[in-house]
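What follows draws every value from the coordinates through simple rules; no lab data is involved. This one's a predicted model, so the numbers in the text were calculated from it and none came from an experiment. Backbone-built Cβ (ideal geometry, glycine too); neighbour counts: all protein chains shown.
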Amino acid sequence: MGYEQSVGPMRLARIRSEANIAAYRSDGARLPVIGAAVVAVVYFLAAKLGEALAFPSAPVSALWAPNAILFAVLLLTPLRHWWLYLLAVLPLHVMAQLPVSPIEQVAIQYVLNCAESMLGAAALLWLESQPQRFAKLSTMANLIVLGSLVAPFITSAAMAGAFTALNLTDEFWLTTIARTITNTFATMTLVPLIAHCANALATGNFRVHWNRAPEVLLITACLVITGALVFILPGEHHERFPALLYAPIPLLLFATVRFGIIGAAGSVLTLGALATWGVLHDAGPFIDPVPVHNALSLVLFLNVTCAPLLLLAAVMQERKEAAAALRRSEVLHRSVLASLQDQVAVVDSAGIVIEINESWRRARERAHFQVIALLPGDNCLEATLGVAESGDPIGSQVRDALEGVLSGDRPRCELEFSSSHHGQMRWFELSIEPLRRPERGAVIILSDVTARIRAELEVQEQQQQLAHLARVAVLGEFSGAIAHEIRQPLAAMLTNAEAGALLMAAEQVDVESVREILNDIIADSVRAAQVVQRLRSMLRKVQPHRRPVQLNDVVQESLMLARIDLALRGVFASVKLDSSLPCVPGDRVQIQQVILNLIVNACQAMADVPPEAKRLTLSTRWLQGSHEVELAVADGGEGIDEAQLEKIFQPFVTTKEKGLGLGLSISRSIIGAHAGRLWAENARIGTGAVFHLTLPSGDREPLVDGWPLTVGSLSVEPSRGKEKFTAER
Ligand code: ADP
């Protein structure tokens, strides 16, 4: 694939135009001397033309172009090169003017001509971002007002003042007005014409459309004929039909509409040439006996005709560019939509689908979800109502979410749901984003998140297995004590059975004693069975199951399991249970696993402390303010190094020879999944560590975040203003 193909035509055009601008700028910098020489020659020729078009007995020329040419050049060249162009025109100005004017007049004209061009160009460059293109109404308006009226008026007044002071003229106002309007016409027509063409050439956008040549010729011909009729007809016709002056207007408008700035400026210049010829030959509408009045009337007429045409051309150019930008952004927007893997649909404020992307169109054929079958023009709200009525809960959820986003009640919405297709389970995430525009609307994005959910489920499965292994490991710590706890009732049963056998062997059987013995055996076997039952529930591999749990009960049960071990280790355990404690939603087995883990760690931490320090305290309390219940497990061990207080919750952090460093990290995951917290601190009084465990009490909805994932519940994250529903189908 060639470079041009790989970058795409639009981008290529941009790169080309940028390269052209850069080349043009660097050329301008490299060859300013040649440029200045060319400008000087053109300036000279324009001055000569201006003289040729001067009206006899009037200080007015139909087209005084040198200042306008200099203005356009300054607009197109970098500021640092201005001096070169201004200097280059000096000798040519002297050459053109000295034969007809005294030296001081030539000098004043040169200085004020340069000042006029500089003032106009500086004003446009300062006020507009890319004035060279004349593609904005404001640029054209600034050119007309500041560049063509204000700058010429200031310099003309200065020139007239200087001439009056030097006795070169006694007509201050006539000189001022005549020079102003003469320069106005040239600046208005020539500056945008030159700048527009030069800019188009430099950026590579200048193209001659030969197929439009007949149109140009036809308009020119019509304009010349009409202009000739209007301006070359003897004056008496105009006295009879003054409206004749308006005859060229439709043609001027047509030229402007068809050819923009070039059409407007070109047609007015053509008309100006014909009108000048008419005035010079005492024909046309300007036939006042005072020649200067004719000249002024003509130039004024041209100015007044030209200004609105140029403004119209600028408005059209602005519209054209805005439409092109809109088209480009639409193309971009469609390409972005088409490139998305997710299915995307855009709906208006009434829920009518206004656009769908390719992925959505393709997904219609294997629609897992009825809403995806929608096409532009279909009503999404009605479709979701249909889904809901067919008994699918996701229908009403999508409807509620869409209505909420469309009405502005919800900032955005995300829904997760699963669907079985040909016996295969797939998971989807549907997000609804509002369209930030006055007419409102929303974007519906449906993504297939099966791969992600499968990975999450796999991780969850592995974590559950790990937690189970950790549970088995914790119980392993109690194996000696548990064996003892089972052996004790078994031994008692054996002794009782032997005693019973002896009683039965006697001649006279003491039935009452045998009954007592049998009752003891039953009680012992129940005790042994309870121990086994407790072990079974801890060892069984079951899915986490949430239901209301009384933390006090779990603490007591855990102590029951651990009591023999505690006794064997010489640890004195005490409990302080808050009887007002409410139930918490949670998995009993998992919470018990955490408590046992804390008890084992506490016992191990107290292995080497004197017997009187081996104290373990488990206390519970209800933190009503924060809607939490708390369990604190305090021991009389050495405590924990302050720097390690957080680190011990990381996996594989252990100080024990045979430790794995997983107990606390798994415990924190379990408590985190219950939306609780687990942390450690050192005892404030005496020695030892205190582990705190909090769980949200049932009066607040728990957050589902972290592990293990719970499917089928509602979570609200107020901080992000985002609602997340998960639903199982
Ligand atoms: P393991 O018991 O396998 O080391 P844990 O994650 O349960 O793994 O504990 C990590 C570390 O935390 C322990 O090695 C120990 O250094 C420290 N620790 C835990 N409980 C206590 C405690 N009650 N007193 C002092 N240190 C403790």
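Overview of results
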read-out: Estimated dipole of the stretch 287-441 in Debye, rounded to 20 [Cβ of Lys and Arg +1, of Asp and Glu -1, Cα centre]; value: 480
read-out: Alpha-carbon spread of the chain, three principal axes, descending order, Å; value: 167, 61, 52
read-out: Whole-percent pair-distance distribution, where bins are 10 Å wide, for the alpha carbons of the stretch 572-669; value: 13, 40, 36, 10, 0
read-out: At most 16 other Cβ within 10 Å, DSSP loop - GluC sites (Glu not before Pro), the stretch 415-458; value: 439
read-out: About the Cα centre, charge dipole magnitude for the chain (Lys/Arg +1, Asp/Glu -1 at Cβ), debye; value: 1740
read-out: Largest-first ellipsoid semi-axes for the stretch 399-506, taking √(5λ) over the Cα gyration tensor eigenvalues, angstrom; value: 65, 16, 15
read-out: Farthest positive-ward along the stretch 580-669 dipole, Cα basis, beta-carbon charges - from 633, 594, 605; value: 594
read-out: Relative contact order (percent, whole number), the stretch 285-376, Cα cutoff 8 Å, 6+ residue spacing; value: 15
read-out: Span from the the stretch 458-526 Cα centroid across to the the stretch 548-588 one, whole angstrom; value: 22
read-out: Order of 302, 49 - criterion: other Cβ atoms within 10 Å of each residue's Cβ, fewest first; value: 49, 302
read-out: Whole-Å semi-axes of the ellipsoid equivalent to the stretch 254-307 (Cα gyration tensor, √5λ, descending); value: 25, 10, 7
read-out: √(5λ) per eigenvalue of the Cα gyration tensor, the stretch 99-257, largest first, Å; value: 33, 26, 14
read-out: Dmax and Rg, reported as Rg then Dmax, of the stretch 339-395 (C-alpha, Å); value: 11.2, 34
read-out: Histogram of C-alpha separations across the stretch 47-151, 5 Å bin width, %; value: 2, 12, 21, 22, 18, 13, 8, 3, 0
read-out: Contact order normalised by residue count of the stretch 539-671, Cα under 8 Å, 6+ apart, percent; value: 23
read-out: Relative contact order (percent, whole number), the chain, Cα cutoff 8 Å, 6+ residue spacing; value: 8
read-out: Neighbour-count order for 484, 422, fewest beta carbons within 10 angstrom listed first; value: 422, 484
read-out: Among 143, 44, 581 the positive-end extreme of the charge dipole of the chain (Cβ point charges); value: 44
read-out: For 537, 558, 359, order by how many other beta-carbon atoms lie within 10 Å, fewest first; value: 537, 359, 558
read-out: The stretch 281-419: Cα Rg divided by the 2.2 N^0.38 Å rule of thumb; value: 2.09
